[in-house]
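Accompanying notes for the structure given below.
The values are calculated or read from the model by the stated rules, or taken from the named source; none is laboratory data. Here the structure is a predicted model, which is why all the values come from computation and not from measurement. Cβ sites come from the backbone with ideal geometry, for glycine too, and all protein chains shown count toward neighbours. Ligands, DNA and RNA are stripped out before the accessible areas are found, and what is left, the full protein with its side chains, is counted by its heavy atoms. Shrake-Rupley method; radii C 1.70, N 1.55, O 1.52, S 1.80 Å.
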Amino acid sequence: MFVLLLVLIVVLFGFGFLNPIWWVAAAVLVFGATRYGRGGRGRGGGSDFVEYQDYRDRRERQDRWDRRYSRQHRERERWNREDRRDRERRG
């Protein structure tokens, strides 16, 4: 697809030597390809905001998981310490 578009732009540029309106057509095609083509931002305003939202959501989920796990881990360690103390007292 990209090669076909590039060939079309070159052909239109070549026709521009016959009639300058073809240069305008080539320029419009180049503008459209860079503005709305693959990797372009287009009408949607770009994907940077969406990528940031996804990143923020992943970070929030990870932070919640870390807090939950660390709290459980601390409680488990506290119970283990209490169990060891109880075993030491008994025997």
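Quick one: how many residues across the stretch 25-41 are at pLDDT below 90 and either among the basic types (K, R) or on the phi < 0 side of the Ramachandran plot (or both)? Total meeting the criteria: 9.
Sub-7 Å Cβ pairs linking a first residue in the stretch 23-51 that is of a type in the set (G, A, S) to a second residue that is part of a helix (DSSP H, G or I) and modelled with pLDDT of 70 or more, at least 6 apart or interchain, are A25/L12; A26/I9; A26/L12; A26/F13; A33/L5; G40/T34; G42/Y36, ordered by first then second residue. Applying the set (1) surrounded by 10 or more Cβ atoms within 10 Å (Cβ to Cβ); (2) at pLDDT below 90 to W22 leaves exactly one unmet item: (2).
One residue stands out in the stretch 47-77 among those that are modelled with pLDDT of 85 or more, among the charged types (D, E, K, R) and open to solvent by less than 100 Å² (accessible area, probe 1.4 Å): the one that is farthest from R35 (Cα to Cα), namely E75.
Just one of (1) modelled with pLDDT of 85 or more; (2) loosely packed, with under 10 Cβ neighbours inside 10 Å fails for G44. It is (1).
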